[in-house]
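Report on the structure given below.
The values are calculated or read from the model by the stated rules, or taken from the named source; none is laboratory data. From a predicted model like this one, the values you see are computed outputs, not experimental measurements. Positions of Cβ are generated from backbone atoms using ideal geometry, with glycine treated the same way; all protein chains shown enter the neighbour counts.
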Amino acid sequence: MEIPAEGRVIVSACLAGVACTHEAEAKTRPWAIQLVAEGRAVLVCPEVAGGLPIPRPAAEIVGGDGADVLGARAQVISETGEDVTQNYLAGARKAAEAARAAGAQLAILKARSPSCGCGQIHSGTFDGELRAGDGVTAAMLKQEGLEVVSDETVE
Ligand code: SF4
């Protein structure tokens with residue numbers, strides 16, 4: 001997809017140079033830096049906003065996808081066995097609040113994350129496999145009516 005010329009955009013913070021992934025890395029993309037420079041990026045890291053530290057154990061959605069977590073049909077579990085569902089829900093709510101406050105219609109989120117993944121997430125069994133579905137924040141932003149896309153679709 002091509003980023004529209006106007007309007008504020010929700011962007012996963014790790015794409016804009018913030019070292020907030022579970023391994024304390026950034027996944028910087030030039031277009032995200034450009035959106036920041038234009039004052040149009042609204043950076044969100046739902047996992048940190050939901051109270052999780054940097055670094056932190058990897059986590060996956062067990063029993064469904066982000067929409068199922070929102071519907072209380074699935075949980076987010078860390079690789080150390082901790083139930084972090086409430087952190088993920090809290091972070092998703094904060095991202096939704098940020099989107100409303102900014103009037104954002106578009107979110108560009110980091111691929112395959114249990115929070116930010118859009119269209120594809122990890123399997124839920126820590127086996128390296130992928131499954132169809134959205135992360136928790138991606139699902140919530142879709143429910144809020146935003147267009148949500150993976151960073152890998154940006155040209
Ligand atoms: S929760 Fe989203 S913004 Fe935060 S590190 Fe993971 S992919 Fe990046």
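Set side by side, the residues L35, L15 differ, and just one is over 14 Å from the mean Cα position of the chain (by Cα) and among the hydrophobic types (A, V, I, L, M, F, W, C), which is L35. Before we move on, is K94 within 12 Å of the chain's Cα centre (by Cα), farther than 24 Å from A26 by Cβ and either of a type in the set (G, A, S) or surrounded by fewer than 20 Cβ atoms within 10 Å (Cβ to Cβ) (or both)? For K94, the condition - within 12 Å of the chain's Cα centre (by Cα), farther than 24 Å from A26 by Cβ and either of a type in the set (G, A, S) or surrounded by fewer than 20 Cβ atoms within 10 Å (Cβ to Cβ) (or both) - is not met. Candidates are the residues of region 100-138 that are among the aliphatic types (A, V, I, L, M) and surrounded by fewer than 24 Cβ atoms within 10 Å (Cβ to Cβ); the one that is farthest from A5 (Cα to Cα) is L130. The residue list R73, R112 contains one member that is on the phi > 0 side of the Ramachandran plot and basic (K, R), which is R112.
Among the residues of region 42-59, are any surrounded by 23 or more Cβ atoms within 10 Å (Cβ to Cβ) and among the β-branched types (V, I, T)? The answer is yes; a qualifying residue exists. Restricting region 1-41 to residues that are within 14 Å of the ligand (Cβ to nearest atom) and among the acidic types (D, E) leaves a set whose member that is surrounded by the fewest Cβ atoms within 10 Å (Cβ to Cβ) is E23. Among the residues of region 84-91, is any among the aromatic types (F, W, Y), within 15 Å of the ligand (Cβ to nearest atom) and modelled with pLDDT of 95 or more? Yes.
Does G145 qualify as being loosely packed, with under 14 Cβ neighbours inside 10 Å and either more than 11 Å from the ligand (Cβ to nearest atom) or within 11 Å of the chain's Cα centre (by Cα) (or both)? Criteria met by G145.
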